[in-house]
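Just so it is clear, none of the values below were taken in a lab; they were calculated from the coordinates. Everything numeric here is computed off the predicted structure, so don't read it as measured data. Using ideal geometry, Cβ is built from the backbone for each residue, glycine included, and neighbour counts are taken over all protein chains shown.
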Amino acid sequence: MKTILDYSIERKFWRMGIEHLAGIDEAGRGPLAGPVVAAAVIFSPEVWIYGVDDSKKLNQHRREKFFDVIQQSAVSIGVGIVQHDCIDEINIYQATMKAMAESVTALDPVPAQLLIDGPRYQNSNIPYKAIIDGDALCFTIAAASIIAKVTRDRLMMEYHEQFPQYGFAKHKGYGTREHLEAIRKYGPCEIHRRSFRMPAKQ
């Protein structure tokens, strides 16, 4: 069943008089290296950017294009970044929750309602709605997914300059065959997540 990205979720809250809604999503839960990044975005009611969608459905060129448009169109954008060493210390789930919370804290104005991609959220003193596949259903969450993805990709491009032998510019730290072969050849570098189990050699 095809999902439809629209404003129907936001409009339920606008009708209740809640203006400042923040959509929140993350990027980087699955990779073997690098940080997990979350983004929170607030738009004025009825602001629409044609073509915005779940970041996974967009190619790099379109994500970069929409990243700039979202920056120009949003009331506020917050970003939270939790590095590899913290992921190893507290686990990826808790690190994701931490990054999301940090992205919300960075917003100005403070949102009255959070729209979260995924089945759960925690440690919030702001009302929230967790939405499975929210990045494919909710415009504001989709915009946050683009901010999170592009922000993380740019960080991984910087890490590529430090550790070119791993190919981070291409796979962004995910467990591709190329990446796994590089880890086997060179061993892990300082941004690899030690708590993640490396897949067995095929």
- Measuring from centroid to centroid over Cα atoms, what is the spacing of segment 1-35 and segment 92-171 in Å? 10 Å
- Query: Expressed as an acute angle from 0 to 90° and rounded to the nearest 10, what is the orientation of the C-alpha long axis of helix 139-162 relative to the principal long axis of the chain?
  - Reply: 20 degrees
- Evaluate the distance, in nm, between pseudo-label points positioned 7 Å from the Cα of MET16 and of GLN72 along their respective Cα→Cβ axes. 3.4 nm
- Note on the structure: Computed about the Cα centre, the charge dipole of the chain from +1 Lys/Arg and -1 Asp/Glu charges at the Cβ has a magnitude in debye, to the nearest 20, of 720 debye
- Simple spin-label model, 7 Å along Cα-to-Cβ: ARG120 to GLU161 in nm? 3.9 nm
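Taking R0 as 22 Å, what's the FRET efficiency between ASP108 and GLN83 from their Cβ-Cβ distance, rounded to 0.05? Spell out each step's value before the answer.
Working: r = 24 Å, r/R0 = 1.10.
So, using R0 = 22 Å, E works out to roughly 0.35.
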- Cα axis of helix 92-105 to longest principal axis of the chain: angle in degrees, 0 to 90, nearest 10? 40 degrees
- Message: Under a crude label model (7 Å from the Cα following the beta-carbon direction), how far is ILE4 from ASN91 in nanometres?
- Response: 3.9 nm
